[in-house]
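Notes follow once the structure below has been shown.
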Amino acid sequence: MINKAGKIEQIAKRVEKRSADLFAEIDATARINTEKVLRAMRCLKVSDNDFRTTTGYGYGDQGRDKLEKLFAGVMGGEAALVRGQIASGTHALACSLFGLLRPGDHLLSITGKPYNTLHPVIGLDGSSGTGSLRDWGIEYSEVGLLRDGVNIAAVTGAIRNNTKVVLIQRSRGYRFDRPSLSLAAVDRAISAVRALKADCWCLVDNCYCEFVEDGEPPAVGADVCAGSLIKNPGGGLAPCGGYIVGRYELVEKIAGRLVAPGIGRGVGCTSLDNRLLFQGLFIASHVTAQALKSAILAAGLMEELGFAVSPAPQERRTDIVQAIRFGTADKMIGFCQAIQSWSPVDSFLTIEPAFLPGYGVPVVMAAGTFVQGASIELSADGPVEPPYVAYLQGALIYEHARLALIAAAAAVAP
Ligand SMILES: *Cc1c(COP(=O)(O)O)cnc(C)c1O
């Protein structure tokens, strides 16, 4: 008689066989993106000297300036802010919003409710006096997504005379039923917004989508895009940080918010080992491919075991997130605990749901990661509420995800 783990190993083999074509496509995209990054590194003459730390104000910090040029070049923007001082993806997005919007302006989200941690930034959580956009007199409204992309007809009715920023979130966030937005869908949405109102800016939340396709939002007209370095573009090596890429004048405005008005991006020393940000970007395309293959394996395995998954195993992906619906808190938490116990770091901890800043309900989070909370490393998390969906993402190496997923599947298999 074959045991449960043995049976799941058999399923994994079948999923891998069925996914061979998809895996090959993912490798091809990684080759294109690696070439793009390598060309930019050669063109900018990246050198050992660029990895030095600097102190104080960081005036004339060549490594910082080169890294920012590199990100801008790779993503198809004019300028960038790429720094350890950007504390997270939320911070990168909040700086972008506060840098671009002024009292009396209107912010329109055209991809439904933004990611959870942006609710307090916008003032959607009902709080007041916290310094949210709402406190600063910035109006907000949103248009929900359609199954196949942005609801252009509804956007037409929602744009106001004072609409200054249109927010487009690509990744699904903590949502089972919303797909991630492809670059082509972002392109269509931006073109539609442009046709409706020329004098507003499109800001793209690019978290989890970097290097999944062979282009990034600034290349299709996004005025600004932002994300986290402890997700895809840090390649698992970046120890912290975020990035903002976009049009020159807008990046300047945002730098005025990140640092101070009148100072901007010429200040901010590099106190971390900048090599990790350069090298992280260098391997990011490959690491993103590892994460994508891991997500496909997770989808295939869990679907065969009877759990609803989104996206479906063979669906074309535009982010690295795999949603798995467990239906009960026990199974959701059990799955995440197994992922944790098959992690290289803190495998001995038994994780429990807890309240985290920016999230309204308890969140369970398996992140046995080298970099704290890095979700380009194998991780699984989600708000513990019906229908009990865990969001799995990352994996620096597919081999790790395969081992952990087989164990986690065995922990919840019927
Ligand atoms: C992760 C994420 C964020 C926030 O990033 P943090 O680094 O966790 O602050 C914002 N939007 C989306 C879609 C994300 O996935």
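The values are calculated or read from the model by the stated rules, or taken from the named source; none is laboratory data. Because the structure is a prediction, the values reported are computed rather than measured. Glycine gets a Cβ as well: all are built from the backbone with ideal geometry, and neighbour counts include every protein chain shown. For accessibility, only protein heavy atoms count, side chains too; no ligands or nucleic acids. Shrake-Rupley method; radii C 1.70, N 1.55, O 1.52, S 1.80 Å.
Annotations
Okay, residues lined up against (1) aliphatic (A, V, I, L, M); (2) open to solvent by 50 Å² or more (accessible area, probe 1.4 Å):
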site: 259; (1), (2): yes, yes
site: 269; (1), (2): no, no
site: 272; (1), (2): yes, no
site: 281; (1), (2): yes, no
site: 286; (1), (2): no, yes
site: 300; (1), (2): no, no
site: 303; (1), (2): no, yes
site: 325; (1), (2): no, yes
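- Only one of 200, 225 that is of a type outside the set (Lys, Arg), within 15 Å of the ligand (Cβ to nearest atom) and touching a Ser or Thr at 6+ places or on another chain (Cβ under 9 Å): 225
- Test: residue in region 36-55 that is at positive phi, of a type outside the set (Phe, Trp, Tyr) and either in a helix (DSSP H, G or I) or over 21 Å from the mean Cα position of the chain (by Cα) (or both): yes
- For region 198-226, a residue qualifies if it is aliphatic (A, V, I, L, M) and farther than 17 Å from residue 27 by Cα, and the qualifying residues are 198, 203, 204, 219, 220, 222, 224, 226.
- Per-region count, region 228-252, residues more than 15 Å from the ligand (Cβ to nearest atom) and either among the polar types (S, T, N, Q) or in a loop (DSSP other than H, G, I, E, B) (or both): 3
- Pairs are defined by a Cβ separation below 7 Å, a sequence spacing of at least 6 or placement on different chains, a first member in region 179-198 that is free of Cβ contacts under 8 Å to residues at least 24 places away in the same chain, and a second member that is part of a helix (DSSP H, G or I); no pair meets this definition.
- Whenever a residue of region 387-414 is touching a residue at least 12 places away in the same chain (Cβ under 8 Å), its partners that are buried (at least 24 other Cβ atoms within 10 Å of the Cβ) and among the aromatic types (Phe, Trp, Tyr), lying with C-beta atoms within less than 7 angstrom and at least six residues away or across chains, give the pairs 390/335; 393/208; 408/335; 411/335; 412/335.
- Residue pairs whose Cβ atoms lie under 9 Å apart, sitting 6 or more positions apart in sequence or on different chains, and linking a residue in region 1-25 that is closer than 16 Å to residue 413 by Cβ to a partner that is part of a loop (DSSP other than H, G, I, E, B) and open to solvent by less than 50 Å² (accessible area, probe 1.4 Å), are 4/413; 7/413; 8/305; 8/413; 11/305; 15/313.
- Positions within region 392-409 being of a type outside the set (A, V, I, L, M, F, W, C) and surrounded by fewer than 23 Cβ atoms within 10 Å (Cβ to Cβ), in sequence order: 398, 399, 400, 402
- Test: residue in region 376-386 that is in contact with a Phe, Trp or Tyr (Cβ under 7 Å, 6 or more places away or on another chain) and open to solvent by 50 Å² or more (accessible area, probe 1.4 Å): no
- Of residues in region 117-144 being closer than 22 Å to residue 158 by Cβ and within 13 Å of the ligand (Cβ to nearest atom), the one nearest to the chain's Cα centre (by Cα): 118
- Near pairs, Cβ below 6 angstrom, 6+ apart or cross-chain, from region 204-227 (open to solvent by 20 Å² or more (accessible area, probe 1.4 Å) and in a loop (DSSP other than H, G, I, E, B)) to any residue that is near the ligand (Cβ under 10 Å from one of its atoms) and of a type in the set (Val, Ile, Thr): 208/320; 208/321
- Each residue in region 22-40 was checked for being among the aliphatic types (A, V, I, L, M) and open to solvent by less than 30 Å² (accessible area, probe 1.4 Å), and 5 pass.
- Some residue of region 315-328 being away from the ligand (no atom under 15 Å from the Cβ), in contact with an Asp or Glu (Cβ under 7 Å, 6 or more places away or on another chain) and closer than 30 Å to residue 282 by Cα: no
- Considering only residues in region 170-197 that are open to solvent by 20 Å² or more (accessible area, probe 1.4 Å) and within 16 Å of the ligand (Cβ to nearest atom), the one that is nearest to residue 148 (Cα to Cα) turns out to be 179.
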